[in-house]
1. Can you name every residue in region 5-22 that is buried (at least 18 other Cβ atoms within 10 Å of the Cβ) and either over 18 Å from residue 262 (Cβ atoms) or touching a strand residue (DSSP E or B) at 6+ places or on another chain (Cβ under 8 Å) (or both)?
2. If we scan region 304-311, do we find a residue that is over 24 Å from the mean Cα position of the chain (by Cα) and outside the structural domain of residue 18 (by TED's automatic domain parsing)?
3. Among the residues of region 266-293 satisfying the criterion of being in a helix (DSSP H, G or I) and in contact (Cβ under 8 Å) with a residue 60 or more places away in the chain, which is surrounded by the most Cβ atoms within 10 Å (Cβ to Cβ)?
4. Which condition breaks for residue 225 when tested against (1) more than 18 Å from the chain's Cα centre (by Cα); (2) closer than 23 Å to residue 101 by Cα; (3) touching a residue at least 40 places away in the same chain (Cβ under 8 Å)?
5. Of the numbered conditions (1) under 30 Å from the mean Cα position of the chain (by Cα); (2) surrounded by fewer than 23 Cβ atoms within 10 Å (Cβ to Cβ), residue 334 satisfies every one except a single condition; which is it?
6. Looking at 184, 197, which is the one that is closer than 30 Å to residue 334 by Cα, assigned to a loop (DSSP other than H, G, I, E, B) and over 14 Å from the mean Cα position of the chain (by Cα)?
7. Would you confirm whether or not region 332-345 contains a residue that is touching a residue at least 12 places away in the same chain (Cβ under 8 Å) and more than 24 Å from residue 212 (Cβ to Cβ)?
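The values are calculated or read from the model by the stated rules, or taken from the named source; none is laboratory data. Predicted, not measured: the structure shown is a model, and the values here were computed from it. Reconstructed Cβ throughout: ideal geometry from the backbone, glycine too, with neighbour counts over all protein chains shown.
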Amino acid sequence: MELKERIRSLALSKGFDLVRFTNAEPFVEDEEAAIKRIRDGHMDGYSWYTESRVRKMNRPMDLLEGARSVISLAVSYLGESPGNPKVNHGKTARYSWGDDYHTTIKGMISEFTGALSGVVGANVKTRAFVDDGPMNDRAAARRSGLGWMGKNTNVISPGFGSWILLGQVVTDLELEPDASLKKTCGSCVRCIDDCPTGAIVAPYIIDNTKCISYLTIELRGSIPVELRPLMGDWVFGCDICQDVCPVNRKAEPGKTAVSGDFKQRPGFSTPELLALLEMDQETFSKTYKNSPVKRAKKIGLQRNACVALGNNGDINAVQPLIKALIGSESLVRAHAAWALGRFAESGNDHAFEALKLALHNEKDEEVLKEIDLALSYLETTQAM
């Protein structure tokens, strides 16, 4: 068995679903495209995503002395589907239903690289990346033929679709590159047409400031008012552009997703919104230990819950939102005011009275702006 196949067999034995190889030459086109996105403002909000970082992440030879190849790895996280959420339950991105994939995949790669020298028969230099270092994992996956780039910028693989998580191992081994796939998405634009916020502004170009995943996870401040009604009941991430993809509808479930660390934790796919709204820090830390959801932080998750409650319109949320309007952090109070404004607009007197009372008692300027906006909009609609 040739060296590449021995390495591929080793990676598969450690739980990976896909293994491909490419060289360590720069990803020139990807670097140019990423810098253009920065200059066009599509990466606003990601202060760490700078032009210097982009140049570094697209040049594997700069990441490891003597680098010659990149081993591109992927594991599918497609498991069971929970169905539609119940009333007052939110939705989370599928990758967040189980344990934190960074921890899981790093462990798998560590086992893989630890055994690599034994398979090769000589010492091997490696450096591994799992979506949290200066490495363009999607570019490596695309060039290695692991998948092709979808118009929503996700890598789409034959068989597993875009329900894959990527890992890359830069090495000093000289390995023959695999060919890139010739397949593309063709004329399909389902992901573009179905994005509720219009975040996919053109094929292969995402405006992250409009993306629900950015808004619910990375954004630390207030969600733009005009985008809130478009977010539906998503409270952590978003899978819409993947759910509508025709390739994904035929995707196979992954071994690790079904039986391993990516297996769904109870209730994680459709969390109860009122429970999120009332959660204290201790409960949050315990519930989301070793979970991707912890990245949003408690305050962000509760902000998102307010938006989802305002969108679903169930009156059982009014009293909890009134409680949040009075006693939560200012960011949560502001979004609770917006949600109550939605209920007041539908004729709920309790929501209306709570907003009027808060207008007199609130001290935070940003919260006052939200309350005033909700009441002003209500007065405008009533006058029509």
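1. Our first condition is that a residue be buried (at least 18 other Cβ atoms within 10 Å of the Cβ); within region 5-22, this holds for 7-8, 10-11, 14-22.
Scanning region 5-22 gives 7, 8, 10, 11, 15, 16, 17, 18, 19, 20, 21, 22.
2. Narrowing region 304-311 to residues over 24 Å from the mean Cα position of the chain (by Cα): none.
There is no residue in region 304-311 that is over 24 Å from the mean Cα position of the chain (by Cα) and outside the structural domain of residue 18 (by TED's automatic domain parsing).
3. Initial filter on region 266-293 (in a helix (DSSP H, G or I)): 273-278, 281-287, 292-293.
Adding the requirement that they be in contact (Cβ under 8 Å) with a residue 60 or more places away in the chain leaves 273-274, 276, 292-293.
Numbers: 273: 27, 274: 19, 276: 24, 292: 22, 293: 24.
The residue in question is 273.
4. Going through the list (1) more than 18 Å from the chain's Cα centre (by Cα); (2) closer than 23 Å to residue 101 by Cα; (3) touching a residue at least 40 places away in the same chain (Cβ under 8 Å), residue 225 breaks only (2).
5. (2)
6. Values: 184 fails: closer than 30 Å to residue 334 by Cα.
When all the criteria are applied, what remains is 197.
7. At the first step, the residues of region 332-345 found to be touching a residue at least 12 places away in the same chain (Cβ under 8 Å) are 332-345.
The next check asks that each one be more than 24 Å from residue 212 (Cβ to Cβ); those that pass are 344.
Taking every residue of region 332-345 in turn, at least one turns out to be touching a residue at least 12 places away in the same chain (Cβ under 8 Å) and more than 24 Å from residue 212 (Cβ to Cβ).
Conditions (1) assigned to a strand (DSSP E or B); (2) in contact with a His (Cβ under 8 Å, 6 or more places away or on another chain); (3) farther than 19 Å from residue 127 by Cβ; (4) touching a residue at least 24 places away in the same chain (Cβ under 8 Å), marked per residue:
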residue	(1), (2), (3), (4)
66	no, no, no, yes
72	yes, no, no, yes
78	no, no, yes, yes
87	no, no, yes, yes
95	no, no, yes, yes
99	no, no, yes, yes
102	no, no, no, yes
108	no, no, no, yes
